[in-house]
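Notes follow the structure.
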Amino acid sequence: MSWLIYGANGYTGALVARTAAARGQRPILAGRNRAEVEALARALTLERRVFGLDQPGIVDDALAGVTVVLHCAGPFSRTAGPVADACLRRRVHYLDITGEAAVFESLAARDAEAKAAGVMLLPGAGFDVVPSDCLAAHLKRRLPTATHLALGFQPGGRPSRGTATTMIENLHRGGLVRRGGRLTPVPPAWKTRIIDFGRGPRPAITIPWGDVATAYHSTRIPNVEVYMAAPAALRVAMRLSRYVAPVLASKPVQRFLKARIRAGTPGPTDAERERGKCLLWGEATDEAGGRAVSRMKTPEGYTLTAFAALAIVDKVLGGSAPPGFQTPSRAYGPDFVLGIEGVSREDE
Ligand SMILES: NC(=O)c1ccc[n+]([C@@H]2O[C@H](COP(=O)([O-])OP(=O)(O)OC[C@H]3O[C@@H](n4cnc5c(N)ncnc54)[C@H](OP(=O)(O)O)[C@@H]3O)[C@@H](O)[C@H]2O)c1
């Protein structure tokens, strides 16, 4: 069965492609950048398909013979729609590595359509949200009466250009939590909380991470907040961004910030990824004072993204792809993440 990586020339797409090739897998490499996709396909001796996402007929044709697409071309607010449309028309399973809450919700809204087509739509097959979603489902299993869920992580390295671009595009939108089952906008860095991720207490701030969307689909816990460990300078900058949101959203400022990002390196080096480790923490509480806390350790975020996405591709190619909108834990259970190299979990 053949499978295709779209955005294979991007930092994360190329990392997934290299990891897959090193394991003897034969994905088709795809993207709109002919020179880069062809160069990578030649280097890894893999098939390639070059196409953009603007013309639906071309995307449909490019998916001929493909069982599952792993979509790595973001920001996904622009690219998830056309790829998911083509997957639904061609009855091809859809995976992506988004962490954007609005993208999760837009794909969740297509659940019935996907079920009717016999297609699995599983966004968030990377660092966000595989480990945190499995942690959320594990906490729900430990405390089935939970009404509140807090998830947090301490990143183990620096972001790629694509991640930084996606963050810049969303900065002016502020924060997001789930309250009473509804996604609720809040100011950036709305709450600060001291969290012990496993190496002592650290200040962490709320961020509009993808789990605000997905944890509810996985657990039905109606109140969800996601925290990220943040040094003082970042906490101050995030709070200040409350007052300059319209400026951050303006075209000249977006252009300037994106040019600064493009001038930087594509992402962490292999050595940096090798050194980095991520720590996750989660807490479920209920109205009766019940509380469950669990922690997780994973490889660095981009390495984990490649490992997690490939583990999900393996599941799909092995015939396990429940139709409809899925989260990682809903499709494969809370312990799925423990089968990924370098991941461990501990209950407090
Ligand atoms: N959830 C997670 O844990 C996680 C982990 C890693 C990455 N990500 C997300 O994945 C995305 C990619 O990150 P990255 O670091 O790989 O970025 P990158 O190095 O900038 O690569 C982006 C890729 O997307 C392609 N692309 C962008 N816009 C496109 C469009 N409109 N049509 C077709 N292709 C398009 C680019 O093609 P060109 O070369 O032609 O521009 C390139 O192949 C980002 O949104 C990032 O936030 C999420």
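Identification of strands (runs of 3 or more DSSP E) wholly contained in the range 1-72 with 3 or more residues that are within 22 Å of Val119 (Cβ to Cβ) and more than 10 Å from the ligand (Cβ to nearest atom) yields 2-6, 66-71. From the list Ala271, Ala288, the lone residue that is more than 13 Å from the ligand (Cβ to nearest atom), more than 30 Å from Lys115 (Cα to Cα), assigned to a loop (DSSP other than H, G, I, E, B) and open to solvent by 50 Å² or more (accessible area, probe 1.4 Å) is Ala288. Hey, can you tell me all the residues within the range 169-199 that are surrounded by fewer than 18 Cβ atoms within 10 Å (Cβ to Cβ) and within 16 Å of the ligand (Cβ to nearest atom)? The answer is Arg173, and nothing else. I'd like to know if the range 266-279 contains one or more residues that are in contact with a Ser or Thr (Cβ under 6 Å, 6 or more places away or on another chain), under 21 Å from Ala189 (Cβ atoms) and not acidic (Asp, Glu). Yes.
Is it the case, given these coordinates, that Ile205 is without any contact (Cβ under 8 Å) to a residue 40 or more places away in the chain, part of a strand (DSSP E or B) and open to solvent by 10 Å² or more (accessible area, probe 1.4 Å)? For Ile205, the condition - without any contact (Cβ under 8 Å) to a residue 40 or more places away in the chain, part of a strand (DSSP E or B) and open to solvent by 10 Å² or more (accessible area, probe 1.4 Å) - is not met. What are the residues in the range 174-194 that are within 22 Å of the chain's Cα centre (by Cα), in contact (Cβ under 8 Å) with a residue 40 or more places away in the chain and not in a loop (DSSP other than H, G, I, E, B), if any? Across the range 174-194, the qualifying residues are Leu176, Val177, Arg178, Arg179, Leu183. Of the residues making up the range 88-102, just one is closer than 13 Å to Gly126 by Cβ and without any contact (Cβ under 8 Å) to a residue 40 or more places away in the chain, namely Asp96.
Among the residues of the range 209-224, those identified as open to solvent by 10 Å² or more (accessible area, probe 1.4 Å) and part of a loop (DSSP other than H, G, I, E, B) are Trp209, Arg220, Pro222. For Gly124, the requirement of being within 17 Å of Phe325 (Cβ to Cβ), open to solvent by less than 10 Å² (accessible area, probe 1.4 Å) and touching a residue at least 24 places away in the same chain (Cβ under 8 Å) is met.
Taking each residue of the range 8-29 that is within 20 Å of Thr79 (Cβ to Cβ) and open to solvent by less than 10 Å² (accessible area, probe 1.4 Å) and looking for partners that are basic (Lys, Arg) and within 15 Å of the ligand (Cβ to nearest atom) with beta-carbon atoms closer than 7 Å, six or more apart or interchain, yields Ile28/Arg48; Ile28/Arg49; Leu29/Arg48.
Scanning the range 30-63 for residues that are of a type in the set (A, V, I, L, M) and open to solvent by 40 Å² or more (accessible area, probe 1.4 Å) yields a count of 5.
The values are calculated or read from the model by the stated rules, or taken from the named source; none is laboratory data. This one's a predicted model, so the numbers in the text were calculated from it and none came from an experiment. Please note: Cβ atoms are built from the backbone with ideal geometry, for glycine as well, and neighbour counts cover all protein chains shown. To get the accessible areas, we keep the full protein, side chains included, count just its heavy atoms, and leave off ligands, DNA and RNA. Shrake-Rupley method; radii C 1.70, N 1.55, O 1.52, S 1.80 Å.
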